Amino acid sequence: MVDKVVSALRRGALVILPTDTVYGVAADPRAPGTPGTPGAEERLFRAKCRPGNKPIPLLATDCRQVEAFRAELGVAGRALAARYWPGALTLVLKTGNTWEGFRVPHHPATQAILKAVGGMLRVTSANMSGKPPALTAAAAVAALGSAVELAVDAGPAPGGVPSTVVRIGAGRCDVLREGAIPISEIAETVTRGKESGLAQG
């Protein structure tokens with residue numbers, strides 16, 4: 001099944017994947033379009049009716065892959081990644097002149113696909129923009145229909161709540177969306193990380 005999914009992603013197809021929170025829909029950002037045919041990322045935006053100014057996060061196999069993307073984790077980001085990755089945390093980080101969202105999922109099926117495809121995937125919740133997230137593969141297929149080629153069914157999503165989204169940069173740490181991880185835990189982790197960083201410095 002993994003080989004079939006990887007083949008579809010590399011062709012530019014959209015694939016529904018399980019995560020440790022809700023079901024997501026994935027695209028390989030390295031799959032370009034052809035004349036008259038949109039690339040995988042553009043197809044993902046179109047499938048969800050997602051505004052073009054709302055970036056789609058990247059799913060990675062581990063923190064090292066995120067660092068290799070030249071993302072600026074900083075002390076706070078490293079503390080949060082150490083505690084919650086893999087897991088239900090999305091970090092929005094500065095990468096050069098832009099911002100990118102990153103997450104390391106805990107689900108074994110999605111981890112296996114990420115490793116097999118050899119790089120990060122653009123993944124967002126498998127639903128129409130603004131609608132409730134899909135908690136089963138069947139609900140994801142019903143929401144996105146013919147826009148997706150494959151669906152990996154791993155049973156009901158174990159989390160059921162989207163990831164918590166935290167933006168880190170310019171000396172600030174802002175919770176953009178409270179999800180599976182409470183704001184209080186985020187604040188505690190960041191504070192401890194900063195204290196540890198100061199002590200080491």
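What follows draws every value from the coordinates through simple rules; no lab data is involved. It should be emphasised that the depicted structure is a prediction, and the values quoted were computed from it without experimental measurement. Cβ placement follows ideal geometry from the backbone for every residue including glycine, while neighbour counts extend to all protein chains displayed.
Which is farthest toward the positive dipole end of the chain among W85, A147, T61, measuring Cα position about the Cα centre, with Cβ charges +1 (Lys, Arg) and -1 (Asp, Glu)? Value computed over the given set: A147. This ranking places T191, T19 by how few other beta-carbon atoms lie within 10 Å of each, fewest first, which gives T191, T19.
Calculated mean residue ellipticity at 222 nm for the chain: -10500 deg cm²/dmol, from DSSP H runs with n ≥ 4 weighted as -39500 (n - 2.57), summed, divided by the residue count and rounded to 500. Once the C-beta distance of S146 and R78 is scaled by a Förster radius of 41 Å, the resulting FRET efficiency is 0.45 to the nearest 0.05. Close amide H pairs (under 5 Å, H built 1.01 Å from N) link L121 with L59, residues at least 5 positions away or on another chain. Summing charges over all other residues whose Cβ lies under 11 Å from the Cβ of N127, with Lys and Arg as +1 and Asp and Glu as -1, gives +3. Label sites at K54 and A112, each approximated as a point 7 angstrom past Cα along Cα to Cβ, lie 3.2 nm apart. Taking a Cβ cut-off of under 13 Å around V6, the surrounding Lys, Arg, Asp and Glu residues balance to a net charge of +2, with basic ones at +1 and acidic ones at -1. Assuming charge only on the beta carbon of Lys and Arg (+1) and of Asp and Glu (-1), the dipole of the chain about its Cα centre is about 380 debye to the nearest 20. According to the calculation over all Cα-Cα pairs in the chain, the P(r) per 5 Å bin from zero is 1, 8, 16, 20, 20, 16, 10, 5, 2, 1, 0, 0 %. The length gained by stretching the chain between K194 and L176 to full extension, at 0.36 nm per residue less their Cα-Cα distance, is 4.5 nm. Among the lysines of the chain, pairs that are 8 or more positions apart or on different chains and have alpha carbons within less than 18 Å of each other number 4.
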